[in-house]
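Student: Got a structure for you, questions after.
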Ligand SMILES: [Zn+2]
């Protein structure tokens, strides 16, 4: 590699919220640290894909077969919160206002971009509803066009199976991204949920 600093700057500036100047500052900072730090950082990045996988039950990211929430015996098995992405689980867990289980879609319906229902991995969730173990499915997808379309589709699929489907209340900032909402706002959105 001709210029390792330039290569690192190029890679870092592809991260969200990191412009080229910040990327350069970070690269020089790493270089100024003891070598151990850069090596640990590199190892950590390599291990990310090697060790992190999707929970077999809820598809949240985990280093084990099942995530911590799925393994926790104190959670309410009858209540499932459907979210778009793993950071949404992390946000709701920070808020500590939800004590049920999760289901992570890793996708949202986006008909204009050609993302249809087949992209949503719903079969395991539908099986659980059919098995009668759920009394309520809370849909906490973002309050965007794609998030709303996904919520309506979920309700259409699940409600006929006899489970209650609710939607978190609007009022979240930043287009309803759970990730960027504070704990009180999240708790209010969860408490104020309405029938879908
Ligand atoms: Zn899980």
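Student: Could you please tell me which pairs satisfy a Cβ distance under 7 Å, a separation of 6+ or placement on different chains, a first residue in the stretch 94-107 that is under 14 Å from residue 68 (Cα atoms) and in a loop (DSSP other than H, G, I, E, B), and a second residue that is at pLDDT below 90 and more than 14 Å from the ligand (Cβ to nearest atom)?
Tutor: none
Student: Here is a further query. How many of the residues in the stretch 77-88 are in a helix (DSSP H, G or I) and either out of contact with any helix residue (DSSP H, G or I) (no Cβ under 7 Å at 6 or more places or on another chain) or at pLDDT 95 or above (or both)?
Tutor: So the first thing to find is which residues in the stretch 77-88 are in a helix (DSSP H, G or I), and the list is 86-88.
If we keep only those that are either out of contact with any helix residue (DSSP H, G or I) (no Cβ under 7 Å at 6 or more places or on another chain) or at pLDDT 95 or above (or both) too, we end up with 86.
Total meeting the criteria: 1.
Yes/no matrix, rows are residues, columns are (1) touching a residue at least 60 places away in the same chain (Cβ under 8 Å); (2) more than 12 Å from the ligand (Cβ to nearest atom); (3) outside the structural domain of residue 142 (by TED's automatic domain parsing); (4) over 24 Å from residue 144 (Cα atoms):
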{"position": "28", "(1), (2), (3), (4)": "no, yes, yes, yes"}
{"position": "39", "(1), (2), (3), (4)": "no, yes, yes, yes"}
{"position": "59", "(1), (2), (3), (4)": "yes, no, yes, no"}
{"position": "71", "(1), (2), (3), (4)": "no, no, no, yes"}
{"position": "83", "(1), (2), (3), (4)": "yes, no, no, no"}
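Student: Is it true that some residue in the stretch 110-127 is part of a strand (DSSP E or B), in contact with a strand residue (DSSP E or B) (Cβ under 9 Å, 6 or more places away or on another chain) and within 19 Å of residue 177 (Cβ to Cβ)?
Tutor: If we filter the stretch 110-127 for residues that are part of a strand (DSSP E or B), which is where we start, we get 110, 115.
Now restrict to residues that are in contact with a strand residue (DSSP E or B) (Cβ under 9 Å, 6 or more places away or on another chain): none.
No - not one qualifying residue is present in the stretch 110-127.
Student: While we're on this one: Among the numbered criteria (1) more than 14 Å from the ligand (Cβ to nearest atom); (2) under 15 Å from the mean Cα position of the chain (by Cα); (3) modelled with pLDDT of 95 or more, which single criterion is violated by residue 95?
Tutor: Failed condition: (3).
Student: Find all pairs meeting these conditions: Cβ atoms under 8 angstrom apart; at least six residues apart or on different chains; first residue within the stretch 1-19 and in the same structural domain as residue 30 (by TED's automatic domain parsing); second residue surrounded by 12 or more Cβ atoms within 10 Å (Cβ to Cβ) and assigned to a loop (DSSP other than H, G, I, E, B).
Tutor: Listed by first residue and then by second, the contacts come to 12/18; 19/13.
The values are calculated or read from the model by the stated rules, or taken from the named source; none is laboratory data. Predicted model only: the values in this text are computed from it and were never measured. Cβ: placed from backbone, ideal geometry, glycine included. Neighbour counts: every protein chain shown.
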